[in-house]
């Protein structure tokens, strides 16, 4: 099967979770003997940075890639398009939605659209007026033209079904690569004098770091005298200065350290040398870093702004109320765990990921979905 992934972004430094999903679908669909391609607004430099192969194509834009119009919108649909079997769109609100709509209108192709959480209620309230305009101009018709919408968790699927009650919604969980999961443990490669708590994600306001710092201040910095808190990830220079000023004003400088982005083996190493992972986010449709932490046997605290209820049901972390008080309760509960208890929670988390969330397992659902869209037959049981 020849598959065209239309992605709103590619590159770890730009795409975060979207990049992880697209690149891993790509790798694993190839492993399953299919022919995936990725098109995205951007340059060949970004395509080269992910080191896959020549089937990654940057689409030139008028203006910056993030918001600029894709030049291909003003060109005729080429015969190249007709060689694909299906289009899988990743991300919305961008010109790739207009391109997707144009491609399926001017060819016999069908598409599935994966919003990646951009239609979650919390995110719809961000830049609400601009999104309302975009929705009426092109996004509503693009979503309604899709054969199926794709969610990565039950909660997102139900929200999509509420917005589009007559559309089929497939649930395809995000995953962890086998390479990441089976990388030899680097536990205690770093000599530490203190226990370590870790945040690793994009450093942006929605991730909830400001409220976490307030919670730590309320608990009392003395409670963390045997701990250090590492903040890892790509940041907006203006926002990180806000966070650093807050850390200074709350007198947390001896406890909180900003360590920049961590990729590849550096990411594995920082997980393997952490006792607790925390994601105090306001909203995530999935939260792939939660799965990554669990894969490396690190217990997790995150909010009910994510779909990770299994942290509680599988006893591998704390899925807490999406409030300061909820985060405080989760943090205190985790701090009261012994080293043995934390280790046992980590083992249970790793078993959860192995049983359900490896990419080579979840990618098989994409092929089943595409086949159903193209050929019909019995509806797969992961479609609402």
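FYI, it's all coordinate maths here, none of it is from the lab. Here the structure is a predicted model, which means the values were calculated and not measured. Because the Cβ atoms are built from the backbone with ideal geometry, glycine has one as well, and the counts that use them run over all protein chains shown.
Restricting the calculation to Cα atoms, segment 193-295 shows an Rg/Rh of 0.93 when the hydrodynamic-style radius is the Kirkwood one.
I'd like the distance separating the alpha-carbon centroids of segment 361-382 and segment 308-349, in whole Å. Using only Cα atoms to place each centre, the spacing works out to 35 Å. The convex hull of the Cα atoms of the chain, projected and averaged over all directions, covers 18.9 nm². Length gained on full extension, residue 282 to residue 368, computed as 0.36 nm times the residue gap minus the Cα-Cα distance: 27.7 nm.
Based solely on its DSSP helices, what 222 nm [θ] is calculated for the chain when runs of n ≥ 4 H residues each add -39,500 (n - 2.57) and the sum is averaged over all residues, nearest 500 deg cm²/dmol? Spell out each step's value before the answer.
Details: 17 runs with 160 residues, N = 384.
It comes out at -12000 deg cm²/dmol, rounded to the nearest 500.
Each Cα pair under 8 Å and six or more residues apart adds its separation to the average, and for the chain the resulting relative contact order is 14 percent. For residue 162 and residue 254, a Förster radius of 56 Å and the Cβ-Cβ distance give a FRET efficiency of 0.75, rounded to the nearest 0.05.
Ranked for footprinting exposure by Cβ neighbours inside 10 Å, fewest first, 271, 164, 40 give 164, 271, 40. Could you give the angle, 0 to 90 degrees to the nearest 10, between helix 95-105's Cα long axis and the longest principal axis of the Cα atoms of the chain? Approximately 30 degrees, to the nearest ten.
Which angle between 0 and 90 degrees, to the nearest 10, do you get for helix 324-335 versus the longest principal axis of the chain when only C-alpha atoms count? Between helix and principal axis, roughly 60 degrees. Under the simplified labelling scheme, the residue 206-residue 384 pair shows an inter-label distance of 1.9 nm, with each label point 7 Å from Cα along Cα→Cβ. If R0 equals 25 Å, the separation of the Cβ atoms of residue 69 and residue 129 corresponds to a calculated FRET efficiency of about 0.75. For the pair segment 18-42 / segment 179-227, the C-alpha centres are spaced 31 Å from each other. Helix 154-163 and the longest principal axis of the C-alpha atoms of the chain enclose an angle of approximately 50°. Its residue count N fixes a reference of 2.2 N^0.38 Å for segment 180-356, and the Cα radius of gyration divided by that reference is 0.95.
Taking 0.692 mPa s as the viscosity and 37 °C as the temperature, the Stokes-Einstein diffusion coefficient of segment 58-152 based on its alpha-carbon Kirkwood radius rounds to 234 µm²/s. The fraction of all Cα pairs in segment 154-248 landing in successive 10 Å bins from 0 to the largest distance is 11, 27, 27, 25, 9, 1, given as whole percents. When 25, 224 are arranged by Cβ crowding within 10 Å, least crowded first, meaning fewest neighbours, the order is 224, 25.
With 0.36 nm allotted per residue and the present C-alpha distance subtracted, the residue 195-residue 82 stretch has 35.1 nm of extension available.
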